[in-house]
Amino acid sequence: QVQLVESGGGLVQAGGSLRLSCAASGGLSSINVMGWYRQAPGKQRELVAQIIKAGFTNYADSVKGRFTISRDNAKNTVYLQMNSLKPEDTGVYYCNSVIAVLTWGQGTQVTVSS
């Protein structure tokens, strides 16, 4: 069974950058679409980026042009490069399969100060 472990979060100033990692301990080969989600304080969890095996990506309007999702199937790892961070990006970030959702990991906290 796949276990998802997010890492790389932290505290940064507005305009800064951060790179998140998502390790799938049970393997990633059977998952066609992986995504990054975030949950801001007082808000619902939202999908911000997704990527399929072939490499095609899709982003929420709020992060388009600033975030880049990538996938290394051999390493069973998904990444999220975040640039030009804004305070509105603050929240707990999670990774998961988009089509067939797995058990959620603990997430990684991203805090952007103004």
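Full extension of the segment from THR103 to ARG19, taken as 0.36 nm per residue of separation minus the current Cα-Cα distance, would add 28.0 nm.
Stretching ARG66 away from ILE52 to a fully extended chain increases their span by 3.1 nm, per 0.36 nm per residue minus the current alpha-carbon distance.
Using the Karplus relation 6.51 cos²θ - 1.76 cosθ + 1.60 with θ = phi - 60°, the per-residue 3J(HN,Hα) values for region 100-111 come to 10, 5, 9, 4, 5, x, 7, x, 9, 7, 10, 10 Hz, with x marking Gly and Pro. Rg and Dmax over the alpha-carbon atoms of the chain stand at 13.1, 40 Å.
Put a dot 7 Å past the Cα of SER84, heading toward its Cβ, do the same for VAL5, and the two dots end up 3.4 nm apart.
Taking the chain as the region of interest, the number of lysine pairs whose Cα atoms are within less than 23 Å, with members eight or more places apart or on different chains, is 5. Think of the chain as having a plus end and a minus end, set by charges on the Cβ of Lys, Arg, Asp and Glu; of THR103, VAL5, TYR59, TYR59 sits farthest toward the positive end of this dipole. Considering only ARG66, ARG38, ARG19, the mean-square fluctuation computed in a Gaussian network model of the chain, springs between alpha carbons under 10 angstrom, is largest for ARG66.
Using a probe of 1.4 Å, the accessible surface attributed to TYR59 totals some 40 Å² when neighbouring protein chains are kept in position.
Taking the protein heavy atoms of the chain in the context of the full set of protein chains, the accessible area attributed to carbon and sulfur is 49 percent at 1.4 Å.
The values are calculated or read from the model by the stated rules, or taken from the named source; none is laboratory data. Since the model is a prediction, treat every value here as computed from it, not as a measurement. All Cβ positions, glycine included, derive from the backbone under ideal geometry; neighbour counts span all protein chains shown. Please note that ligands, DNA and RNA were not included when accessible areas were found on the heavy atoms of the full protein model with its side chains. Shrake-Rupley method; radii C 1.70, N 1.55, O 1.52, S 1.80 Å.
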